[in-house]
Amino acid sequence: MPNKKAAEKSMRQYKKRALRNKSAKAAVHTFTRKIRQAVEEKKLDEAKAALPLALKVINKTAQKGIIHWKKASRLESRLVKKVNALMASTKPQDTTKSES
């Protein structure tokens, strides 16, 4: 335990910040998991709806310095890539080409 009053205060601050950071990281993991599950289950509407929310949470977490900005960029890129791949795979093929 800290011996000085200032050390006690810094310990309280550390615990409060750690809890806040943990909560923010958990939110990032939750949103990314929702998108990954929607992609695996081939639920395009669900994935498209969750994507903007996830990107917002990831950007906000990076902006606050809780995660590194390069990690945030990497996460965003991977999520968008998965949703785009799902969109491409579920897109109906155009078979109405005119035959001359």
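Taking the longest Cα principal axis of the chain as reference, the axis of helix 5-40 is set at about 10 degrees.
When the Cα convex hull of the chain is projected onto planes of every orientation, the mean area is 9.0 nm².
Throughout, read-outs are computed from the coordinates displayed, never taken from laboratory work. Since the structure is predicted, the reported quantities are computational estimates derived from the model, not experimental observations.
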